[in-house]
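Have a look at the structure below, then the notes.
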Ligand code: AP5
């Protein structure tokens, strides 16, 4: 690992971030945009797990039941997965960890991994959104199973009802976006993930982004929170 690599896209010092926040707070949306703009690595544990479930791998078989119920995949599985991915290198351009850590043991092991590899975290960004807005966003979310394009009713609807604009595939919903499962994911967040907000607050790297605004406004707030100009 190299803590302060030059970012090839902008010639800026790389920034190492993790994104925290309840389901549907916009972590993935903003991580894709920021990582593309700054040329950083984006590591989403949710995306990695969904891909594993789709491909029927051993990891996918271990994770599927937990994900469907809106529960967390066990710490040992997740910590092993992140160790493998971070050990692959590629962190010198800066990175965003999206969806990890989610429990105190995960946060502690991440601190250990960073210590062993001489990497430091610049900011833990917390996306703040109300529960009503979360339920609204997740009940309106659809995606294309072929190209992964995302849609959201009523803000971003496909041109033809139920079909992907890019390849015409029938759109689907994530099984864990069912309202009862969303409520469970919110409870799990409060019980198991919220304590790590304090973990990073105590390290003085927690920064809160008001995420109940348009995606463009959230992006501007995010850039300000990490000290980058738009
Ligand atoms: P994961 O995929 O990480 O799910 P999540 O944290 O619940 O997050 P989401 O992907 O639902 O939301 P998001 O905050 O990324 O918002 P998004 O940008 O998509 O994890 C899924 C499961 O995997 C977990 O439940 C668990 O089982 C397992 N897992 C993952 N990591 C784990 C770990 N570390 N340990 C254990 N288990 C783990 O936006 C949501 C919607 O809102 C989209 O439709 C989007 O278009 C829309 N939207 C975004 N921003 C805005 C805005 N500003 N205004 C209006 N709409 C918006």
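Can you tell me which residues in region 179-221 are outside any helix (DSSP H, G or I) and either near the ligand (Cβ under 10 Å from one of its atoms) or at negative phi (or both)?
Selection gives 194, 203, 205, 206, 207, 208, 209, 210, 211, 212, 213, 214.
On the basis of being more than 19 Å from residue 200 (Cα to Cα) and either more than 10 Å from the ligand (Cβ to nearest atom) or assigned to a helix (DSSP H, G or I) (or both), does residue 48 make the cut?
So residue 48 passes the test.
Return the total of residues in region 10-31 being more than 8 Å from the ligand (Cβ to nearest atom) and surrounded by fewer than 20 Cβ atoms within 10 Å (Cβ to Cβ).
Selection size over region 10-31: 4.
Could you list, in sequence order, the residues of region 32-41 that are buried (at least 19 other Cβ atoms within 10 Å of the Cβ) and within 14 Å of the ligand (Cβ to nearest atom)?
Matches in region 32-41: 34, 35.
Computed from the coordinates by the stated procedures, all read-outs in this text should not be read as laboratory data. Keep in mind the model is a prediction, meaning the values are calculated, not measured. Neighbour counts are summed over all protein chains in view; Cβ atoms, including those assigned to glycine, are modelled from backbone coordinates with ideal geometry.
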